[in-house]
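I have placed the structure first, in the form of structure tokens, so that the comments after it can refer back to it.
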Amino acid sequence: MNRNGNECVRESLGDYVLVRVRGEVDLSWSQQVRRAILDALGETGKVGVDLSEVSYIDSSGIAALVEGFQNARGKGQQFGLVAVSGAVLAVLRLARLDRVFPLFPDVESARAG
Amino acid sequence: MNTRVQQDATGAGQPSALGPQPLIEVEKLEAWYGRRRILNGIDFRVDAGEIRVIMGGSGSGKSTLLRHLLGLQKPRSGTVRLLGVDLGRASEREMLALRRQIGVSFQGGALLTSLSVGDNVALPLREHTDLDENTIRIMSRLKLEVVNLGGFQDLMPSQLSGGMIKRAALARAIVMDPKLLFFDEPSAGLDPVVSAELDELILRLRDALRMTIVVVTHELESAFKIADTITVLDQGDILMTGTVDAVRRADHERIQDLLNRRPREIAVDADAYLRRLTEEQAA
């Protein structure tokens, strides 16, 4: 973790990759999150993004999630958002994206699909 | 194998770089048009996360104040600081960095008529970021969804109604997720339902995106619905700044006149009146 508290970790759980994001996802950082998600989708067919420790996300961060989801759908891959924090959920709701993304309360239910 | 990516620790975009509290600080601001003083040395402050409504009748000075807050007019005397930057002394580079963190929705929309709605909204991202085109497309269309214009990106501004133009302008104003959003007369010319939708949207933007929002309006109903605090301007003076309840209860004749739509009694100075009618035009 750096001094800004922002971190993006890819964690392999068998055939499932969980991208854990922590901190504030804004323009200064969202492209690295985007890259991590796209790399995970290049590794496996089942990807989740853990957003439980994201305290702020702007629309460039949301765009990274949308691009990941759209890529996964295009290739028939499994993609979901895991343990979405209140701050992220508020932004998803603002754009009604809470009705678009598969949302899971924890990694176990996300892996089960 | 686990892979870890960390943010470059330049501190770019962090609150410490440009965003100390308060977000707006105006001190002893005077504005003149010719020999007419429009703002009489006002002090004004807006803290992070609040929705501030600037209210006043025609000629109160609220549009002049907004122009100073946007850096469109330099203070004749006094200071205007936004996100810690003194607009009277800021370098071009500081102003550019500042503009990336500020969104403005102008009264008439100010959409570029030669560009589609989608390109209008995407314009700030193309000007101020080096994001790839796919991200720009998603971000701009996302903001069109937020303002209930999803799917309208290919229309031209001339094909939009008044309410749609306001919403498209708002989408452009928020496309960079600004810290500070200025909204000039959001309800002007809109029917009550569209106006109420915009009010709701302003509240949701503040809550979801943590924006600090300054709204200039003379629409009382809208002001009372969205404001955390209201600044009442009259003839270049701030009569009061307070909560909606405090403004409603204010024991001040001019404020009650404004709230009850009573016209101002105009004082007549016979000498000045005759001078205005008879003196030769200034060079």
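Summary of values
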| item | result |
| --- | --- |
| Residue match in region B:13-26 (condition: in contact with a strand residue (DSSP E or B) (Cβ under 9 Å, 6 or more places away or on another chain), surrounded by fewer than 16 Cβ atoms within 10 Å (Cβ to Cβ), within 22 Å of residue B:228 (Cβ to Cβ) and at pLDDT 90 or above) | no |
| Residues of region B:198-237 classified as over 29 Å from residue A:26 (Cβ atoms) and touching a Leu at 6+ places or on another chain (Cβ under 9 Å), total | 10 |
| Tabulated pairs, region B:208-221, first free of Cβ contacts under 8 Å to residues at least 12 places away in the same chain, second among the aliphatic types (A, V, I, L, M) and surrounded by fewer than 20 Cβ atoms within 10 Å (Cβ to Cβ), C-beta under 8 angstrom, 6+ apart or interchain | B:208/A:90 |
| Options A:41, A:13, A:18, A:81; residue that is more than 13 Å from chain B (Cβ to nearest Cβ), more than 26 Å from residue B:149 (Cβ to Cβ) and touching a residue at least 12 places away in the same chain (Cβ under 8 Å) | A:41 |
| Criterion: more than 18 Å from the chain's Cα centre (by Cα), farther than 29 Å from residue B:129 by Cα and of a type in the set (Asp, Glu) - qualifying residue of B:257, B:228 | B:257 |
| Positions within region B:143-175 being closer than 18 Å to residue B:104 by Cα and free of Cβ contacts under 8 Å to residues at least 40 places away in the same chain, in sequence order | B:143, B:144, B:162, B:163, B:164, B:167 |
| Any hit, region B:31-43, residues being of a type outside the set (Lys, Arg), within 23 Å of residue B:244 (Cα to Cα) and at pLDDT 90 or above | yes |
| Region B:215-264, residues that are modelled with pLDDT of 85 or more and among the polar types (S, T, N, Q) | B:217, B:222, B:229, B:231, B:235, B:241, B:243, B:256 |
| Hits in region B:142-166 - residues which are of a type outside the set (Asp, Glu), out of contact with any helix residue (DSSP H, G or I) (no Cβ under 6 Å at 6 or more places or on another chain) and more than 14 Å from every other protein chain (Cβ to nearest Cβ) | B:156, B:157, B:158, B:159, B:160, B:161, B:162, B:164, B:165, B:166 |
| Identity of the residue in region A:44-54, closer than 14 Å to residue A:16 by Cβ and surrounded by 15 or more Cβ atoms within 10 Å (Cβ to Cβ), that ends up farthest from the other protein chains (Cβ to nearest Cβ) | A:46 |
| Residues located in region B:195-212, provided they are hydrophobic (A, V, I, L, M, F, W, C), more than 14 Å from chain A (Cβ to nearest Cβ) and crowded, with 17+ Cβ neighbours inside 10 Å | B:198 |
| Any hit, region A:21-36, residues being in contact with a Ser or Thr (Cβ under 6 Å, 6 or more places away or on another chain) and β-branched (Val, Ile, Thr) | no |
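For every residue, the table says whether it meets (1) surrounded by fewer than 21 Cβ atoms within 10 Å (Cβ to Cβ); (2) more than 24 Å from residue B:144 (Cβ to Cβ); (3) of a type outside the set (S, T, N, Q).
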site: A:8; (1), (2), (3): no, yes, yes
site: A:21; (1), (2), (3): no, yes, yes
site: A:32; (1), (2), (3): yes, yes, no
site: A:36; (1), (2), (3): no, yes, yes
site: A:57; (1), (2), (3): no, no, yes
site: A:71; (1), (2), (3): yes, no, no
site: A:103; (1), (2), (3): yes, no, yes
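The values are calculated or read from the model by the stated rules, or taken from the named source; none is laboratory data. Only a predicted model underlies this, so the values are computations on that prediction, with no experimental measurement involved. All Cβ positions, glycine included, derive from the backbone under ideal geometry; neighbour counts span all protein chains shown.
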